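Every read-out reported here was derived from the displayed coordinates using simple, explicitly stated rules and does not represent laboratory data. Here the structure is a predicted model, which means the values were calculated and not measured. Because the Cβ atoms are built from the backbone with ideal geometry, glycine has one as well, and the counts that use them run over all protein chains shown.
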Amino acid sequence: MDMEPIFRYKTPNAEKLAAYGFSPDGDGVSRAIPILRGAFNMDVAVAPDGSVRFRVLEKATGEEYVLVHVDSARGGFVGDVRKACEKVLLDIAAKCFDTEILKAEQTKRTLAFIKAEFSAEPEFLWEKYPDYAAFRRPDNQKWFAIILTVDRSKLCLDGHGNVEIIDLKAFPADVETRLADPRFFKAYHMNKIHWFTVCLDGSVPDETLFALIAESWRQAK
């Protein structure tokens, strides 16, 4: 089963997990949930990082029903087991996890700054890219910042996985000057003459980043 779509943009909430009946289990929490009229138990474990795994055990024998995890397994019964498991996982995702599309700590501080300073809220405009957020000036509806989640390889960064970035506006001469600093990048998916990119990973201090956002706001007049 592919659980990634179920728990995409989800962050575990410890209080909600406890209220749901999860108990401490090593570093994380777990709970056994009966399925298929009590014939099986679904043992669900949630790690501190939010990753979820589960096993399906036959209640009478304690044996694991492994076919639920075998993609090539077909048939009416295994289909019923998967549907029961999916129903449980969807319920856990809805009741025990918080939705959090943008997760980086500097991104959260940036969102708070933009809201407090410019009264601008993120707009998620692209169905294909649900983790792309645009920010407009309320007076003229022009964009002054865009936060995106991209693969690190798109910016030729070391390591694996995604990174949250922000595109900002500036005078062309200022864009060129900033690109001489390795902490700044050519604009991702925006005009590279008038925009540039910053990684929201702390490489640029908040004070500097917020000043650049304010300048971008002025450029969007």
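At 0.36 nm per residue, minus the direct Cα-Cα distance, what do T177 and D71 gain on full extension? Give it in nm, one decimal, please.
Length gained, T177 through D71: 33.0 nm.
By how many nm would the segment from F210 to H160 lengthen if fully extended, with 0.36 nm per residue of separation less the alpha-carbon distance?
Result for the pair: 15.3 nm of gain on full extension.
Student exercise: in segment 105-219, how many lysine pairs 8 or more apart or on different chains have Cα atoms under 20 Å apart?
Here the count comes out as 10.
Distances longer than 26 Å among the Cα atoms of the chain: what percent of all pairs is that?
50 percent
Taking the Cα centre of each part, how many Å lie between segment 104-172 and segment 195-221?
10 Å
Suppose the chain between E15 and H194 were pulled fully straight at 0.36 nm per residue; how much longer would it get relative to their current alpha carbon spacing?
Extra length from E15 to H194 when fully extended: 59.9 nm.
Over segment 105-219, what relative contact order in percent results from Cα pairs under 8 Å that are six or more residues apart?
The normalised contact order for segment 105-219 reaches 22 percent.
Given the rule -39500 (n - 2.57) for each run of at least 4 DSSP H residues, summed and divided by the residues of the chain, what is its mean residue ellipticity at 222 nm, to the nearest 500 deg cm²/dmol?
Rounded to the nearest 500, it is -9000 deg cm²/dmol.
Quick one: the Cα spread of segment 4-99 along its three principal axes, in angstroms, biggest first?
The Cα atoms of segment 4-99 stretch 36, 27, 21 Å along their principal axes.
Run the quick spin-label model on A47 and E4: label points 7 Å from Cα toward the beta carbon, then report their separation in nm to one decimal.
Roughly 1.5 nm, to one decimal.
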